1. Regarding segment 537-545, can at least one residue be identified that is over 23 Å from residue 418 (Cα atoms), modelled with pLDDT of 95 or more, more than 15 Å from the ligand (Cβ to nearest atom) and surrounded by fewer than 20 Cβ atoms within 10 Å (Cβ to Cβ)?
2. With respect to residue 400, determine if the residue is within 16 Å of the ligand (Cβ to nearest atom), touching a residue at least 40 places away in the same chain (Cβ under 8 Å) and out of contact with any helix residue (DSSP H, G or I) (no Cβ under 6 Å at 6 or more places or on another chain).
3. Is it the case that some residue within segment 348-357 is surrounded by 15 or more Cβ atoms within 10 Å (Cβ to Cβ) and closer than 30 Å to residue 295 by Cβ?
4. For segment 46-66, what are the residues that are over 17 Å from residue 370 (Cβ atoms) and not in a helix (DSSP H, G or I)?
5. Could you list, in sequence order, all residues of segment 481-491 that are more than 16 Å from the ligand (Cβ to nearest atom) and not in a loop (DSSP other than H, G, I, E, B)?
6. Taking segment 255-268, which residues are buried (at least 18 other Cβ atoms within 10 Å of the Cβ) and touching a helix residue (DSSP H, G or I) at 6+ places or on another chain (Cβ under 7 Å)?
7. Within segment 80-99, how many residues turn out to be touching a helix residue (DSSP H, G or I) at 6+ places or on another chain (Cβ under 8 Å) and either modelled with pLDDT under 95 or part of a helix (DSSP H, G or I) (or both)?
8. May I ask you to verify whether residue 235 is buried (at least 18 other Cβ atoms within 10 Å of the Cβ) and out of contact with any strand residue (DSSP E or B) (no Cβ under 7 Å at 6 or more places or on another chain)?
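The values are calculated or read from the model by the stated rules, or taken from the named source; none is laboratory data. Quick caveat: nothing in here was measured; it's all calculated off a predicted structure. Every residue, glycine among them, receives a Cβ derived from its backbone with ideal geometry; neighbour counts consider all protein chains shown.
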Ligand code: ZN
């Protein structure tokens, strides 16, 4: 997987927090199915001055490509946005009418989605105000506020907003359709799918056998010239999107001037690629970037992900500036250093323990700026680069973004979820206090140790569990994490203050696995996804095994069902027993036993419980999508020298968007 998507839903499921609320609200705006959350950048103030300055320059570079993404998403996005922003800035009429509110909401949605199509479903937004209203509002504003270029595009803008047949979907993936002619993105112009496929097949054929193939077509629009021949308009200095790219390069040069090696050379190679547009240079840059594991400040800036192109070739522009979260990295380092102890004390049969185990220490980062296709909606992890041959030869960087998940958790705090689904006050308190730490540690144990633990019996090759393999593998890693989360060793290593952290994690896990994760499943469907199956498998198995001792109990109060854990210590012992059995199944390649477990415990959904969970969950009115407001940075200069960089946390979504449009719009309306 290239990107770790922001699973807004699961974040809500696990929502809780570990620190006191600041005085500012975390959710700064909400409209339609979206909430906008601010995030904080802990640790920024403590960075050395050169690193703060580096963050500042990279953050500026991250803001300069915003218009590129708008134009990539649809060729009318910039004229539509500019028209509405001009109205938003200059309209002096009544701003309290339903029509105005609808217009304002539409503009907020366009900002959020970087265009007129929903960022997730790709469908065009349906305006809740009329063309007549928009035109009447425009009429009250002096023409020169719009300018000649925008006035000339008025008709096109209205068609784009109000005609359902125009640009209906950004990304059409329906098999059988011409995916290019039916998609409204701007990666291909008057080019059919067959023509584009032939064009790139020929390019690949000419390069056949090259073990280091470039990502053909990644950084260009494919069009026809006057003679009808297919040509690429490359996104580079002097090419398409040049005015924005020149600005990006300008800030990268400043970043380069304060960066230390090896990062200095890495930035230089990115600048060279932006100047020449040569994809070979992009590969050079990626190799340098992936090999640099020492620089504290790191960043992504470029044409990276190809999800927006129906052919999966053209990349949208995105940016992200970050630095290492040293406290979280220390946590995974401690776990990793003790990997052998965990393996030796694991409840699995001694012959299935690994004799020599090596922990992986996961990298955790703090994001300082989001841009392009990472703003406002952002992934919570990064796994790059994308070129397969580079991943094979040089590996990839995989990181999780802690301050974003933290902000998401904080925003979910008080959304009524825990009050609705957690019966006992002491469970709620523990979850509020330790839920985030429990989640983080469980993930660390799962990723750093769980998957890498254990060994196969002689003669077992792996792969015997077939279609049940991934569910059982996730089950194994989850159990490893759950078992050790409740081990006194965690306290001894200083990873948790007390076992209350584990009990918070256990209560949440059981609640989610037996109940609340069902909200994500459509009515009438069973559990399909491997991680959801593994959670259900663990919970239902432990419920049944612990029944005699009432370890886990269903309670009905006021006609509502609740699931509670009565005995955390016994539950931990059950996790250990189950890990023993799941490891045996994997080590021996026991397909039948694995299949029987999954089919018995992990798949079938009780339709009554399912309906109840969905009703109670959706009754809370929690927006399913979230995005983030960026912090703002300011250089502090004395006698012409930078002496500090200040950070501030604005809370006005519309103001940030209007500010970006004013200060970071470098492209013409049509490109
Ligand atoms: Zn896993």
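1. Checked against the condition, which is being over 23 Å from residue 418 (Cα atoms), modelled with pLDDT of 95 or more, more than 15 Å from the ligand (Cβ to nearest atom) and surrounded by fewer than 20 Cβ atoms within 10 Å (Cβ to Cβ), segment 537-545 yields at least one hit.
2. Answer is yes for this residue.
3. Yes: segment 348-357 contains one or more residues that are surrounded by 15 or more Cβ atoms within 10 Å (Cβ to Cβ) and closer than 30 Å to residue 295 by Cβ.
4. Once the filter is applied, which keeps residues that are over 17 Å from residue 370 (Cβ atoms) and not in a helix (DSSP H, G or I), segment 46-66 yields 46, 47, 48.
5. Those that are more than 16 Å from the ligand (Cβ to nearest atom) and not in a loop (DSSP other than H, G, I, E, B): 488, 489, 490, 491.
6. 255, 256, 258, 259, 266, 267
7. 12
8. Values: buried (at least 18 other Cβ atoms within 10 Å of the Cβ): yes; out of contact with any strand residue (DSSP E or B) (no Cβ under 7 Å at 6 or more places or on another chain): no.
When the stated conditions are applied, residue 235 does not pass them.
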